[in-house]
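The values are calculated or read from the model by the stated rules, or taken from the named source; none is laboratory data. This one's a predicted model, so the numbers in the text were calculated from it and none came from an experiment. Ideal geometry is used to build each Cβ from the backbone, glycine not excepted, and the neighbour counts take in all protein chains shown. Areas reflect the complete protein model, heavy atoms only, side chains present, ligands, DNA and RNA absent. Shrake-Rupley method; radii C 1.70, N 1.55, O 1.52, S 1.80 Å.
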Amino acid sequence: MNRNLFGANTSNARQFGMIFTLVAIILYFQIRTDGLTLTSGNLIALTQQYAYISILSIGMLMVIVAGHIDLSVGSVAAFTGIVVAKAITEQHVPWPLGILLGLLVGALIGAWQGFWVAYIGIPAFIVTLAGMMLFRGGNQYIGNADTVPVPEGFRSIGAGYLPEVGPDTGYNNPTLLLGLLAALAVTWREIHARRVRRLMEGAEPVPLWISVLRIAVMVGVIVFATLRFAGGRVGTSFPISGIILAVLVVAYSFYTRNTSGGRHIYAVGGNSRAAELSGVQLRRVNFLVMMNMSILAALAGMIFVARSAASGPQDGLSWELDAIAAVFIGGAAVSGGLGTVSGSIVGGLVMAVLNNGLQLTGTGSDMVQIIKGLFLLGAVALDVYNKSQGRFSVLGSLMRRGPTRAPDVASPERERATI
């Protein structure tokens with residue numbers, strides 16, 4: 001039953017251990033806060049406050065899977081934020097062009113850091129440590145260590161919501177439609193997975209009741225969340241930053257799981273030498289993952305500035321640590337070659353709900369940091385211990401995943417077939 005219900009034929013079920021942890025944390029704080037955790041206002045605020053960290057965790061996952069680390073993402077986000085804010089307010093650049101400018105700045109920074117990592121051979125840890133100092137200083141130099149406001153239109157990407165359209169139903173209609181589409185997508189995916197397994201030679205679909213249970217649980221969660229987001233106070237609904245995050249999750253999940261480029265990243269992180277012998281272009285892969293990370297950092301920085309209504313010298317502090325924590329809690333391996341986008345998002349949600357719940361209960365900021373650090377260390381240590389004792393392990397179950405497994409050095413023919 002464990003294999004059928006949480007087996008390898010649905011990608012989001014691979015992180016069920018962390019999902020159970022997330023549910024437990026939500027229920028705990030729901031009781032501790034007398035029901036405040038799952039109110040419409042708190043869920044909407046939670047999405048807006050932590051969307052940028054989840055965006056960073058997507059890029060950080062690819063960097064870590066490839067066997068690197070990026071310590072500069074907070075500084076890159078802050079640098080991009082001040083450049084875009086200055087361009088819009090002082091140079092009168094239209095804010096849509098300002099967003100494109102920010103993405104271009106991120107791409108150039110990523111190309112700069114990717115060049116040193118991929119073509120010069122300097123470890124990413126050193127390159128991005130230098131970048132952290134370089135772009136933090138650049139933020140303070142360009143902004144004169146001052147706060148620069150941004151116009152109303154630009155704020156919509158960080159503080160905006162789906163508009164109110166259609167008849168008065170008592171809910172936000174676009175949010176209801178979004179929830180309906182999500183429920184249909186989940187249902188179609190499960191049906192499609194059963195059809196594919198039925199057509200595969202020697203493969204049998206899971207029992208029908210398992211599929212029905214999966215659909216019922218996921219659709220139930222979607223319906224609950226949809227009504228919460230759509231039923232908030234007038235003028236609020238599902239945040240635009242949440243839409244951006246959802247699009248990125250879908251796109252990057254497809255890329256990492258269903259394209260040769262995505263599989264090459266896992267191959268490089270699992271065994272770079274074997275991947276190179278199989279025809280993978282190591283320099284190209286390393287260059288692209290570093291550039292992609294900086295582009296997503298630039299986007300996260302602009303979303304944060306838009307929500308804050310201004311860019312300041314303290315933006316981006318410790319963001320890289322939150323992103324790295326989300327990736328590791330979500331099941332990524334320190335040595336590379338292992339991890340998923342959905343797992344990183346779950347890890348980010350765990351940290352976000354933990355942080356939000358502690359704030360709602362009046363816990364001081366010092367204790368919040370201590371508890372988050374202990375939670376991260378404990379979660380990973382417990383999983384490593386269970387794996388060493390031959391017990392159930394989230395990391396161990398993830399390592400049994402077929403398509404994202406790193407190439408086996410002892411089997412070059414298998415490597416070529418996989419890649």
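Which pairs turn up if I take residues in region 63-75 that are in a helix (DSSP H, G or I) and look for partners that are open to solvent by 10 Å² or more (accessible area, probe 1.4 Å) and polar (S, T, N, Q) with beta carbon separation below 7 Å, at least 6 apart in sequence or on another chain?
Gly74/Ser318
Going by what's in this entry, would Ile215 be described as assigned to a helix (DSSP H, G or I), modelled with pLDDT of 95 or more and farther than 22 Å from Gly170 by Cβ?
Here the answer is no, as Ile215 does not meet what is asked.
From the residues in region 105-155 that are open to solvent by 30 Å² or more (accessible area, probe 1.4 Å) and under 21 Å from the mean Cα position of the chain (by Cα), which one is nearest to Ile82 (Cα to Cα)?
Met132
Which one is farthest from Thr39 (Cα to Cα) among residues in region 219-233 that are open to solvent by 70 Å² or more (accessible area, probe 1.4 Å) and in contact (Cβ under 8 Å) with a residue 12 or more places away in the chain?
The extreme case among them is Val223.
Being crowded, with 16+ Cβ neighbours inside 10 Å and assigned to a helix (DSSP H, G or I) is the filter here, so list the residues in region 157-186 that pass it.
We begin by selecting, within region 157-186, every residue crowded, with 16+ Cβ neighbours inside 10 Å; these are 157-162, 171-176, 178-179, 182-183, 186.
Those that are crowded, with 16+ Cβ neighbours inside 10 Å and assigned to a helix (DSSP H, G or I): Ile157, Gly158, Ala159, Asn173, Pro174, Thr175, Leu176, Leu178, Gly179, Ala182, Ala183, Val186.
Considering only residues that are within 27 Å of the chain's Cα centre (by Cα) and closer than 13 Å to Gly235 by Cβ, which ones fall in region 157-170?
Residues satisfying the conditions are Ala159, Gly160, Tyr161, Leu162, Pro163.
List, please: which pairs have Cβ atoms under 6 Å, are six or more places apart or on different chains, and start with a residue in region 246-268 that is under 27 Å from Ile157 (Cβ atoms) and open to solvent by 50 Å² or more (accessible area, probe 1.4 Å) and end with one that is of a type in the set (Gly, Ala, Ser) and modelled with pLDDT of 90 or more?
Tyr255/Gly262
Given (1) closer than 23 Å to Leu134 by Cβ; (2) open to solvent by less than 30 Å² (accessible area, probe 1.4 Å); (3) more than 15 Å from the chain's Cα centre (by Cα), identify the lone condition not met by His68.
The single condition His68 does not satisfy is (2).
For region 316-335: of the residues being within 30 Å of Pro151 (Cβ to Cβ) and part of a loop (DSSP other than H, G, I, E, B), which is most open to solvent (accessible area, probe 1.4 Å)?
By that ranking, first place goes to Leu317.
Determine which member of the set Gly301, Gly312 is farther than 22 Å from Ala333 by Cα, open to solvent by less than 20 Å² (accessible area, probe 1.4 Å) and modelled with pLDDT of 95 or more. Before you say what the answer is, go through the steps one by one.
Details: Gly312 fails: modelled with pLDDT of 95 or more.
Exactly one residue qualifies, and that residue is Gly301.
Would you pick out the residues in region 300-315 that are in contact with a helix residue (DSSP H, G or I) (Cβ under 6 Å, 6 or more places away or on another chain) and either under 14 Å from Gly98 (Cβ atoms) or part of a helix (DSSP H, G or I) (or both)?
Selection gives Ala300, Gly301, Met302, Ile303, Phe304, Val305, Ala306, Arg307, Ser311.
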